[in-house]
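Step one of this worksheet: look at the structure below.
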Amino acid sequence: MSDLAARILDWHREHGRHDLPWQQDPTPYRVWVSEIMLQQTQVSTVIPYFERFMARFPDVQSLAAAERDEVLALWSGLGYYARARNLHRAARIICEQHSGRFPEQLEELRALPGIGRSTAGAILALACGQAQPILDGNVKRVLARYHGVDGWPGRTAVERRLWDLADRHLPDRDPAAYTQGMMDLGATLCTRRRPACLLCPLADDCISRLQGNPEARPASRPARDRPRRYTRMLLVRGGDRILLERRPPTGVWGGLWGLPEVPKDVDVHRWCRAEFGVEPLRVTPWSPVEHGFTHFRLEIAPVEVALEELPQGVSESERAWQPLAQAGELGLAAPVARLLDRLK
């Protein structure tokens, strides 16, 4: 066992996190769901989502049997919705191809949608006690600082170096405690900003601390401009119902329910006549709102469209006249949910 691993195990025993919801009865299923939710999302945000998800889907069989809309509805607000779609697909594959038993081999896990090398390693280490390395954001930060690894971890050569280090330090004894300890250290002490080096068990020989610049590692993603995109969303009301449309299965907010979108040069009165055969009672533009994505910023121009009554004969499978008070029961993108709350 490396000296680093021994110090991590000692530190975790006394200072690590031991009361997170997924640490209670850490089955492969529960650990898997938590690991997917924790991707690019903070623990404090994930906890209530995880608890609601487990209450509705306590095992892989119940998740596989669910409708996609229900899964997405419970995911609404967490973002990165491909995670939820992959989780649902993987649950069905586990039930169909593995008789409902969670795979406990690394390559079988990595073959499932949405499970990469680090997530598979975390599931096997935390739930099955297997000695498997992981390399999530916290572990990357700890290893890059401790060993003085320069460069952005998204670059292939840097990532390969970090994987080599993760594998080198992995102990044969207590891999679950070691894995949790590395994640906890990065989350609580070796943080991105203002790391608490004086409390760190690795401080004595951490290269970045000795050089006096721990925040310089790991290097940030190279800066790039995020382009702006524009859309106009129509909040079409017929009585107490709102018109929603299911988005395509892939792409932005894939599979979620959203509002009809039209180009800014489309006449809304003419659109209503063409879609429903009626003239709107009222068309009211709202102030634009912005929503940020990883690769671009989206400017949304909402327009409230009031119809005198619910149109007849509009029953396409990808459209729904949902009671406004119950719109949250469907999977909605965060900005759509906020617009509907404002409409209420």
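The values are calculated or read from the model by the stated rules, or taken from the named source; none is laboratory data. Predicted model only: the values in this text are computed from it and were never measured. Note: ideal-geometry Cβ built from the backbone for every residue, glycine included; neighbour counts use all protein chains shown.
Cβ-Cβ distances below 8 Å connect the following pairs, each with a first residue in segment 103-131 that is free of Cβ contacts under 8 Å to residues at least 12 places away in the same chain, a second residue that is among the charged types (D, E, K, R), and a separation of six or more residues or different chains: 110/117; 116/110. Going through (1) assigned to a helix (DSSP H, G or I); (2) surrounded by fewer than 21 Cβ atoms within 10 Å (Cβ to Cβ); (3) modelled with pLDDT of 95 or more one by one, residue 37 falls short only on (2). The single condition among (1) in contact (Cβ under 8 Å) with a residue 24 or more places away in the chain; (2) part of a helix (DSSP H, G or I); (3) under 21 Å from residue 116 (Cα atoms); (4) not aliphatic (A, V, I, L, M) that residue 7 does not meet is (3).
Got at least one residue in segment 116-124 being closer than 26 Å to residue 70 by Cβ, part of a helix (DSSP H, G or I) and of a type in the set (Ser, Thr, Tyr)? Taking every residue of segment 116-124 in turn, at least one turns out to be closer than 26 Å to residue 70 by Cβ, part of a helix (DSSP H, G or I) and of a type in the set (Ser, Thr, Tyr).
When you look at residue 320, is it within 30 Å of residue 39 (Cα to Cα), buried (at least 16 other Cβ atoms within 10 Å of the Cβ), of a type in the set (A, V, I, L, M) and touching a residue at least 60 places away in the same chain (Cβ under 8 Å), yes or no?
no
Using the structure shown, decide if residue 141 is under 20 Å from residue 116 (Cα atoms), within 22 Å of the chain's Cα centre (by Cα) and part of a helix (DSSP H, G or I).
yes
I need a count of the residues in segment 174-211 that are in a helix (DSSP H, G or I) and more than 28 Å from residue 44 (Cβ to Cβ).
Residues of segment 174-211 that are in a helix (DSSP H, G or I), as a first pass: 175-188, 197-199, 203-205, 207-210.
Still in the running and more than 28 Å from residue 44 (Cβ to Cβ): 204-205, 207, 210.
Final tally of qualifying residues: 4.
Give the residues of segment 149-158 that are in contact (Cβ under 8 Å) with a residue 12 or more places away in the chain and surrounded by fewer than 16 Cβ atoms within 10 Å (Cβ to Cβ), sorted by residue number. Correct list: 150, 151, 152, 154.
Is it the case, given these coordinates, that residue 171 is in contact with a Ser or Thr (Cβ under 9 Å, 6 or more places away or on another chain) and part of a loop (DSSP other than H, G, I, E, B)?
yes
Just to be sure before I move on: is residue 107 surrounded by 16 or more Cβ atoms within 10 Å (Cβ to Cβ), outside any loop (DSSP other than H, G, I, E, B) and not hydrophobic (A, V, I, L, M, F, W, C) in the structure I sent? In short, no.
Using the structure shown, decide if residue 83 is surrounded by 14 or more Cβ atoms within 10 Å (Cβ to Cβ) and either touching a strand residue (DSSP E or B) at 6+ places or on another chain (Cβ under 7 Å) or closer than 27 Å to residue 338 by Cβ (or both). Spelling it out, residue 83 is indeed surrounded by 14 or more Cβ atoms within 10 Å (Cβ to Cβ) and either touching a strand residue (DSSP E or B) at 6+ places or on another chain (Cβ under 7 Å) or closer than 27 Å to residue 338 by Cβ (or both).
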